[in-house]
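Engineer: This is the structure I have questions about; it appears just below.
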Amino acid sequence: MSKVKKSFLYASISGLGAKTIGFISVVLVSRLLTPAELGVFAIATTFVVIISEFRLFGTTMYLIREDNLTSADVASCIGVASLISCLLAFSMVAAAHPISVFFGYEELTPVISVLSLGFFVTPFTSATTALLARDHKQDKILMVRLAGRLSALATALALIYSGYGIISLAIAETFSTFVEAAVARCVKPREMSWRVQLNNIKPILSSGVYTTLIGLSNRLESSTADLVLGKLRPSSDVALTSRATGLHLFIRDTLAAGVTSVALPYFSDTARSAAVGSSDFRVAYLKATNLIVACLIPPTIVASFAALPLIRTLFGEQWDLAAPVAQILGAWMAIKSFMYMASPALISLKKEKQLLKTRSIIVAAHVMLVWLAASHSLALVASAFVASATLEVIFVSGLLKRYADLRLFDVVYHCKTAIFICSITLLTCIVIKRFESYFTEEWLAIVAYASINCVTWLLSTAYVRHPMLDLLKSLVGQPKAS
């Protein structure tokens, strides 16, 4: 098995394991805490997650894609990230009370303060995992991620059962960052030192400005609704929207976890090779997008049709109002899947500045649309997500055409077999939906949606001879048929 395929396999296992543990935690916590309590925690974590985009300041991207990396560069990256992270942690503690006053929930103060503690150790963990990703050593990253998620789950459940409420979740998340740091220390590359310095940081800072702001724009797109709704609507509405988006994000991030971890190192390697004429960046992007579309959109379609039985079975009937929102957000996720590989591709081509300008326009439009929709209904908020995703396809396609000679028509045409697979999934779900009322239990509907669509997905993939089938065969050790 090639180094990239082996890395993809371990990254997929790592992402699947971490996301599954996280999802189990969400399911259990949703039954132990109320939507109002989880809405308050969603506001706190949204604020912390947005701020966290600044704490590493693009150092992980720099470590992955830099051509000639030295131990001094690594130490400087850790130094920059540590300095910024410490400043942000102290700032968050100072801002915790004003934020709680602004939103009107006093519980935000201790939650934000506890979550800020993790900022002190994250730079060391992130630098280690970045170097491991650069060398395609995803098996060691797997150990770090699973240790963190398992410790977070165990700690959260123990504290909630002890009666500590939503502060349990903050303590669990913070504790998990220290566990990850300890494991990262054990699996770090032998030549890597956790030495901290601030020498020759100009290249790091200049690269970090754009990659950090790009990451922030991506985070704002998925987190804006929580902050806007937290100000304009009850905290329970924040939780409902968060559950709806979380359902689709869980599916996407779980299925694409391996791709996400491998994409930037792979595109960076391809871009470096393409400079000397030994590789074709354009073909690499088209193949990757074709795989992503066939992998992500069919499960998104299934989750949209089965939203009500899924949400009711996983979280309980108190979350039923999240189902209509999740159904609309399925279109949002499907549209975004076509552009899933665009950001790592453009970053590997060192077009961060151009990508940032485009992302800024998209996020500004997204925030405005969500703000206008929030005063009407949650369904309209979900529709705002769909509109902004459509804008993203239009604008980012322009960047790909200009800098990678990739027209939107070329991408769609190359994905024609994947689109056929998606169409079969859509038709299958429409048929199952007509008979959904005959299922006496929600779990029976879920089994029907999942099992029937798995069969039709495999059959349609084999019928059109989609590359996904060859990838699956290679991952399980079966050679491609000649």
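The values are calculated or read from the model by the stated rules, or taken from the named source; none is laboratory data. Quick caveat: nothing in here was measured; it's all calculated off a predicted structure. With ideal geometry, Cβ positions are generated from the backbone for all residues, glycine too; neighbour counts draw on all protein chains shown.
Engineer: Taking the stretch 279-325, which residues are polar (S, T, N, Q) and within 26 Å of VAL396 (Cβ to Cβ)?
Structural biologist: SER279, THR289, ASN290, THR300, SER304, listed by residue number.
Engineer: With ALA72, ALA18, ALA44 as the choices, which residue is modelled with pLDDT of 85 or more and aliphatic (A, V, I, L, M)?
Structural biologist: The match here is ALA44.
Yes or no, residue by residue, for (1) within 16 Å of CYS295 (Cα to Cα); (2) surrounded by fewer than 17 Cβ atoms within 10 Å (Cβ to Cβ):
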site	(1), (2)
ILE421	yes, no
THR428	no, no
PHE435	no, yes
GLU441	no, yes
ALA445	no, no
TYR449	no, no
VAL455	yes, yes
THR461	yes, no
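Engineer: Ok, one more. Taking ILE141 as the residue in question, decide whether it is of a type in the set (A, V, I, L, M), out of contact with any Lys or Arg (no Cβ under 6 Å at 6 or more places or on another chain), modelled with pLDDT of 90 or more and outside the structural domain of LYS231 (by TED's automatic domain parsing).
Structural biologist: no
Engineer: Name the residues in the stretch 77-124 that are of a type in the set (Ser, Thr, Tyr) and over 21 Å from GLU180 (Cα atoms), would you?
Structural biologist: SER91, SER100, TYR105, THR109
Engineer: Something else about it: Hand me the list of helices (runs of 4 or more DSSP H) wholly inside the stretch 305-369 holding 2 or more residues that are modelled with pLDDT of 90 or more, in the same structural domain as LEU291 (by TED's automatic domain parsing) and surrounded by fewer than 24 Cβ atoms within 10 Å (Cβ to Cβ).
Structural biologist: The qualifying helices (runs of 4 or more DSSP H) are 307-315, 322-337.
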